[in-house]
1. List pairs: first residue in region 502-518 and touching a residue at least 12 places away in the same chain (Cβ under 8 Å) and within 13 Å of PRO639 (Cα to Cα), second residue hydrophobic (A, V, I, L, M, F, W, C) and open to solvent by less than 10 Å² (accessible area, probe 1.4 Å) anywhere in the structure, Cβ distance under 6 angstrom, at least six positions apart or on different chains.
2. Go through (1) in contact with a helix residue (DSSP H, G or I) (Cβ under 8 Å, 6 or more places away or on another chain); (2) in a loop (DSSP other than H, G, I, E, B); (3) open to solvent by 30 Å² or more (accessible area, probe 1.4 Å) and name the single condition HIS401 misses.
3. When you scan region 547-621 for strands (runs of 3 or more DSSP E) that lie fully inside it, which ones turn up with 2 or more residues that are open to solvent by less than 20 Å² (accessible area, probe 1.4 Å)?
4. I'm trying to understand the selection: among the residues of region 495-542, which are part of a helix (DSSP H, G or I) and open to solvent by less than 30 Å² (accessible area, probe 1.4 Å)?
5. Kindly state which strands (runs of 3 or more DSSP E) lie completely within region 27-142 and contain at least 2 residues that are open to solvent by 20 Å² or more (accessible area, probe 1.4 Å).
6. Within the bounds of region 528-535, is there any residue that is more than 17 Å from the chain's Cα centre (by Cα) and within 30 Å of ASP484 (Cα to Cα)?
7. Of all residues in region 145-164, which are farther than 8 Å from ALA426 by Cα, within 19 Å of the chain's Cα centre (by Cα) and crowded, with 18+ Cβ neighbours inside 10 Å?
8. Among the residues of region 298-319, which ones are on the phi < 0 side of the Ramachandran plot, modelled with pLDDT of 95 or more, open to solvent by 10 Å² or more (accessible area, probe 1.4 Å) and not polar (S, T, N, Q)?
Amino acid sequence: MKQKLLICCWLLAVGCWLTVDAKVTLPQQFQSGMVLQRGKPVPIWGKANAGEQIVVSWQKKRYSATADAEGRWRVDLPKMKAGGPYTLEVKSEGANGEKLVFEDVMVGDVWLLSGQSNIDVTIERVYPQYVDEIDHFDLPQVRLFRVQNATNTHGVQDDIRPTTINWKPLTKQNAWLFSAVGSFLGKHMWEKNKVAQGIIVNSWGGTPIEAWISADSLKKNYPTLMSKLAFYQNDNYVRAQMQANNEANKRWDELLNKADKVQSYSQPNFQDAKWKTINQDNWKWRGVGSVWLRQHIYINKEHAGKPARLLLGTLFDQDITYLNGKEIGHTYYQYPPRRYDIPEGLLREGDNVIAVRFINKYGAVHFIPEKPYLIAFGDDRFSQNPMPKDVIPLGNTWKMHVGAEMPNCPSGDVSMQNQPTTLYNAVLYPLAPYAINGVVWYQGESNTGNPTPYADYLKKLIGCWRDRWQEQLPFCIVQLANYDGRQQTGNPKPISLQDTPVNYSGWASLREAQRLTAKADARAELAVINDLGETVDIHPLRKKEVAERIGLCFDRLIYNNKVKLSPEVVSVEVQENSVVLTLDQPVQAGKLFDFELADTDGRFLNTEAVVLDKNPTAIILRKTVTHPKKVRYAWKDNPIRANVRSLSGLPMSSFEIKL
């Protein structure tokens, strides 16, 4: 009995020691340099010992809360005007008296940007489009915060992972690997409103919308989807499969490198005369393994030895590129532009050899057309808008040889970020209720294969995020840009067929889901960007213009509801010889393209369309069918001919309307 009593006393003492030593914590988004939202109550919350009193000191006032049985506490700071910098202190009134101090805190506007890779695209990627502007990034009032990627299949979690971009001021260096859309949006909103801007980027390339929606929102209507999640809730399976995949890829690479003659094929003196000659414009290699391409470039005395930059367009898929036997660049997947710096002294007078080693595990190796393939010299070699003045273009012909053919690499899908609810659980839920001004949702590319449920998914996403914040948050939905999805397979649609009506377009269908969702929600707007895409690139580079259109959406939602966005059809009238679309605003007059009418048989035909100077709010379509039942506009993956624009230049969204 005495021994048991001693043990109980010891356990009690240990428990008291743990309680006294426990730390007061706040979620990761609370850091020095943070931006707090003006004009609304600001929650400050965290964890401490159960029953412990927490005091938050802010602008010479104190606000207190008591941690509940689970150690959770929260205080709400009152509405504040923009200003700063301030100091925020959080102190425990318990035995340890711990105090956390957050300095350089600003009050302004906070924006949450989420979605997939077009939010991820960094300033580094778009730098050649905006060299001078990015070189002069220096806005201490704009603060950048990047949520670290994480997943959770088992349920919601309390906090996000630590991050390296935690309320950093907007400079070229800090923004280099940060979202380009986020950086330009922060700059745009600062220049417009002159209050501090906090940009929280929470995105993951390639992820479908289902990963960002709560389990409660999906389980009723999508039981099959949720059963898929249950499969990945077996941690032992996931670990085993990931380990197997890692080992398979490691072994595949080892066997490839053993079989391939890297040291020979990369060297400038290798004799490639007997290799097959190919033209990059129409070449594809559908094998698995490695294939080599070599091109000889003549460099004159004027350019010899100078530093330069090799622009090798965009390639599918992985490449390792050599110049005169020295590796100058390595890109591990298909999307990034190949911009490889050539160090001083490497280019020599006379013959030089570029050798590209492609490594392929699926699909068809190919060059992406409409991209720059050249060597650039001079101080402007980093710019592509405008292009450098001193360039040597590459030729279209290469010498080609298969390095090593390989079997398919075995793998099993354990991409946890693509499973339903996993991102909501791990990186969305923990952010709330951090006070924000609005949400940017820029996603959809990964759902174009099955766009039918997207409108419902998007409605559920908006609803569960608003429920999480307990607020009718304004949403800006960024519509998908124009893009020919077949570029990924190396089978693009010929430009000559772009004006032909299509039976089905996954991209147009998803854009329509985005349009209708925004139209039905009084607190949502649509940023139309079907003129900012690139036929050959799923990651178009004009992110500053995207950010400006997002800014216009928030102008209308939050600051001035009279702001004009993209033109919209407000009514349709079928007349004897025409169909007249009435718009909500005047548009640029002239001949229009990409309008189609469908008769009772459901088959769409092109129709002539025009806007007359005397009535710029009406689009007049010629009746090319007897009994028109539907009208649609820009209904293609890549509607490059669509040209309806507002007087300020904003494009009209694609649409399909029943008559």
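The values are calculated or read from the model by the stated rules, or taken from the named source; none is laboratory data. Source: prediction; values computed, not measured. As a convention, Cβ positions derive from the backbone with ideal geometry for all residues, glycine included, and neighbour counts pool all protein chains shown. For the accessible areas, the whole protein counts, side chains as well, though only heavy atoms, and no ligand, DNA or RNA atoms are used. Shrake-Rupley method; radii C 1.70, N 1.55, O 1.52, S 1.80 Å.
1. Listed by first residue and then by second, the contacts come to TRP507/LEU480; ARG511/LEU480.
2. Only one criterion in (1) in contact with a helix residue (DSSP H, G or I) (Cβ under 8 Å, 6 or more places away or on another chain); (2) in a loop (DSSP other than H, G, I, E, B); (3) open to solvent by 30 Å² or more (accessible area, probe 1.4 Å) is unmet by HIS401, namely (2).
3. Values: elements: 569-574, 578-583, 590-592, 595-598, 604-606, 609-612.
The qualifying strands (runs of 3 or more DSSP E) are 578-583, 595-598, 609-612.
4. Taking region 495-542 and keeping what is part of a helix (DSSP H, G or I), we get 495-497, 506-519.
Listed by number, the residues that qualify are GLY506, TRP507, ALA508, LEU510, ARG511, GLU512, ALA513, GLN514, THR517, ALA518.
5. Working: elements: 35-37, 42-47, 53-58, 61-66, 72-77, 83-92, 99-115.
Where strands (runs of 3 or more DSSP E) fall fully within region 27-142 and carry at least 2 residues being open to solvent by 20 Å² or more (accessible area, probe 1.4 Å), they are 42-47, 53-58, 61-66, 72-77, 83-92, 99-115.
6. Filtering region 528-535 for residues more than 17 Å from the chain's Cα centre (by Cα) gives 531, 535.
Subset that is within 30 Å of ASP484 (Cα to Cα): 531, 535.
Among the residues of region 528-535, at least one is more than 17 Å from the chain's Cα centre (by Cα) and within 30 Å of ASP484 (Cα to Cα), which makes the answer yes.
7. Listed by number, the residues that qualify are PHE145, ARG146, VAL147, ASN149.
8. The answer is TYR298, LYS301, GLU302, HIS303, ALA304, LYS306, PRO307, ARG309.
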